[in-house]
Amino acid sequence: MSATRTENHALRVPPELDGLRFDQALARLLPQYSRSALKQWIEAGQAALNDAPARPRERVHTGDQVAVTAALEADETLAPQTVAFRVALLDDAFVVVDKPAGVVVHPGAGNRDHTLVNGLIARFPELAVLPRAGLVHRIDKDTSGLLLIARTPASYQALVRAMAARRIARTYEAVVTGVLVAGGTIDAPIARDPRLRTRMCVSEAGRPAVTHYRVKARYRAHSLLEVSLETGRTHQIRVHLASRNHPLVGDVRYGARPRPPRGADAELIALLQGFPRQALHAARLAFEHPASGAPVVVEAPRPDDLAALIEALAADAAQHG
């Protein structure tokens with residue numbers, strides 16, 4: 001049997017909920033839980049109205065007493081395991097982690113163990129009872145940087161709603177092939193590539209996707225971009241920039257090839273030819289605290305591989321300026 005954590009709630013029905021069905025009132029009183037979970041607790045007799053089990057369609061009235069025993073079951077298919085990541089910010093309601101490149105975020109086909117989620121549950125056991133272990137969003141295996149994870153049902157619901165409403169700002173650094181003249185916006189729908197299911201592509205049949213970018217630095221044959229997302233489609237930044245013929249350095253899946261500038265030294269050539277991943281880093285998160293509403297801003301320093309690449313490109317540009 002799965003391990004559980006129990007939370008007890010005792011509430012009174014306010015005037016604005018007078019006359020609602022019991023299940024509808026619960027959804028308003030306890031928005032931190034899904035409707036399916038509330039339905040399950042009602043059917044199991046774990047939700048009472050005036051000290052008696054209630055049916056979903058029973059009407060509530062102002063001043064009625066509501067009691068709910070919320071049994072949160074842990075997903076025992078997720079094994080706690082030691083996984084490397086840095087805690088960038090720890091709060092009672094959430095944690096922000098800085099994920100190294102090469103770590104898969106969530107277990108899936110071919111990656112059942114030693115994912116970030118396994119490491120999160122080992123360090124924060126309370127996450128095991130939350131949907132997706134509290135993950136509010138994801139980044140790719142070979143993208144480094146910041147991820148936001150909720151630690152309670154209430155903060156999970158609040159942060160997921162904030163993400164859906166585009167109130168969580170995600171900013172990335174990316175090194176791309178080619179010299180961009182100016183920043184801009186890419187508004188192009190993204191779908192799974194019908195020819196290769198591990199890839200995504202720009203397609204009119206896809207879901208809306210919007211990426212904003214600005215140029216932070218130009219080199220002789222590459223550019224450093226600051227990228228922000230309005231939407232969060234799979235591989236969005238990689239697909240959008242590749243569609244403009246500016247694939248990320250190291251992103252072989254989306255057409256990147258080593259293109260050293262003419263006359264580059266051996267160090268830069270080796271870095272470009274051997275860069276082991278897409279040159280993409282989730283550098284900054286900005287959002288409102290799910291409980292207090294206070295602004296929260298978290299930044300992650302560049303990892304060593306990306307810092308070395310940028311330094312070598314800048315040195316090459318200065319030498320041949």
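Quick notes on this one:
- Phi angles of the range 43-51 translate, via the Karplus equation with coefficients 6.51, -1.76, 1.60 and θ = phi - 60°, into HN-Hα couplings of 5, 8, x, 9, 10, 10, 10, 6, 6 Hz per residue; Gly and Pro are given as x.
- Residue exposure sequence - L120, L89, L148 - by fewest surrounding Cβ within 10 Å: L89, L148, L120
- Amide H contacts under 5 Å for V249, placed H, 5+ residues apart: V175, V176, T177, A279
- Nearest-20 debye value, the chain charge dipole, Cβ charges on Lys, Arg, Asp, Glu: 1040 debye
- Tail beyond 18 Å, pair distance distribution of the range 86-164 (Cα, percent): 35 percent
- J(HN,Hα) series, the range 195-208, from Karplus relation 6.51 cos²θ - 1.76 cosθ + 1.60, nearest Hz, glycine and proline x: 8, 8, 5, 7, 10, 10, 8, 6, 7, 4, 7, x, 8, x
- Principal axes of the range 4-73: Cα extent on each, largest first, Å: 33, 22, 19
- Between the range 194-236 and the range 248-268, the Cα center-to-center distance that results, in Å: 18 Å
- Taking the charge dipole of the range 123-192 about its Cα centre, with +1 at Lys and Arg Cβ atoms and -1 at Asp and Glu Cβ atoms, the residue from Y156, V176, P189 reaching farthest to the positive side is Y156.
- Amide proton proximity set for T143, modelled H, under 5 Å, gap of 5+: G102
- Helices in the chain, meaning DSSP H runs of at least 4 residues, each add -39500 (n - 2.57). Divided by all residues, the mean residue ellipticity at 222 nm is -6500 deg cm²/dmol.
- In order along the range 179-186, the Karplus-derived 3J(HN,Hα) couplings, from 6.51 cos²θ - 1.76 cosθ + 1.60 at θ = phi - 60°, round to 9, 7, 6, 7, x, x, 10, 10 Hz, and Gly and Pro are given as x.
- One quarter of the convex hull surface built on the alpha carbon atoms of the chain amounts to 19.5 nm², the projected area averaged over directions.
- Amide H to amide H, with H built 1.01 Å from N, R112 comes under 5 Å of no residue 5 or more places away or on another chain.
- Taking every alpha-carbon pair in the range 130-190 and binning the separations at 10 Å intervals from zero gives 17, 38, 30, 12, 3 percent.
Readers should treat all values here as calculations from the given coordinates under stated rules, not as data from a laboratory. This structure is a prediction, so every number in the text was calculated from the model and none was measured. Using ideal geometry, Cβ is built from the backbone for each residue, glycine included, and neighbour counts are taken over all protein chains shown.
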